[in-house]
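Have a look at the structure below before the remarks.
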Amino acid sequence: MISGLRGRVIKVRDGSVLIDTPSGITFSVRMPLSHVPAEGEEIFLYVHTVFSQQTGFDLYGFREEEELEVFRTLLEVPGIGPSMALRILSELTLKELAMAVRTGNVSLLKRVRGLGTKKAEMVIFALKDVALPEIEEDTAISEAIKALTTLGMDYPQARLLVTQALKEGFQKVEDLISYALRHRSRSI
């Protein structure tokens, strides 16, 4: 089984890369869209190999060992195959995934295309014991988001509005909350 690949990226296409290894063998590896390297880049990927009757061997590569661990755990969730697991890791960062798991935020997971409420709940349950990155967030940001969700706003909308408020230059918790409440109807 292939556990890792080191080589130069010779082609990038639709979420997969061709990696030319020093031994002269070129591998096609699927990886999260958020981490696709540039052509010509030298990389090392942690690899998970999947065999299916239709496609034969498929390689899934990850820049971080934590991502590989999460991918393998996702494959254990009933109804989640390699494509959906890869989509989850493409559409959410590990920190967003950690936030969803730690807070039980199903709506954050449901923003992944094709992931419904039931599967999102199963993902949260499956990842509870996986070592996910620590969430480091500014106190004002987390307090504002917490207050907004307590007031009934869902997490993704609260996060979006607080981020917009920060871009507008607001810093204090009260100002972030006030901005979010004033602009709530525009983000729906």
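Worth a mention:
- Counting only residues that are of a type in the set (A, V, I, L, M), under 18 Å from residue 56 (Cβ atoms) and surrounded by 12 or more Cβ atoms within 10 Å (Cβ to Cβ), the range 1-16 holds 2 of them.
- When the range 90-101 is filtered for residues that are farther than 14 Å from residue 126 by Cβ and either of a type in the set (Lys, Arg) or within 8 Å of the chain's Cα centre (by Cα) (or both), the ones remaining, listed by number, are 90, 91, 92, 93, 94, 95, 96.
- Residue count, the range 37-77 (criterion: farther than 17 Å from residue 2 by Cβ and over 14 Å from the mean Cα position of the chain (by Cα)): 10
- Scoring residue 159 on the criteria (1) among the basic types (Lys, Arg); (2) at pLDDT below 75; (3) buried (at least 18 other Cβ atoms within 10 Å of the Cβ) leaves a single failure, condition (2).
- Evaluated against (1) in contact (Cβ under 8 Å) with a residue 40 or more places away in the chain; (2) assigned by TED's automatic domain parsing to the domain that holds residue 113; (3) not aromatic (Phe, Trp, Tyr), residue 81 falls short on exactly one condition, (1).
- Among all positions in the range 66-85, there is at least one residue which is touching an Asp or Glu at 6+ places or on another chain (Cβ under 8 Å), closer than 24 Å to residue 19 by Cα and not in a loop (DSSP other than H, G, I, E, B).
- Hits in the range 20-39 - residues which are within 26 Å of residue 92 (Cα to Cα) and in a loop (DSSP other than H, G, I, E, B): 31, 32, 36, 37, 38, 39
- Residues considered: 97, 89. Of these, the only one that is modelled with pLDDT under 90, part of a helix (DSSP H, G or I) and buried (at least 20 other Cβ atoms within 10 Å of the Cβ) is 97.
The values are calculated or read from the model by the stated rules, or taken from the named source; none is laboratory data. All of these numbers come straight from a predicted model, not from anything done at the bench. Neighbour counts are summed over all protein chains in view; Cβ atoms, including those assigned to glycine, are modelled from backbone coordinates with ideal geometry.
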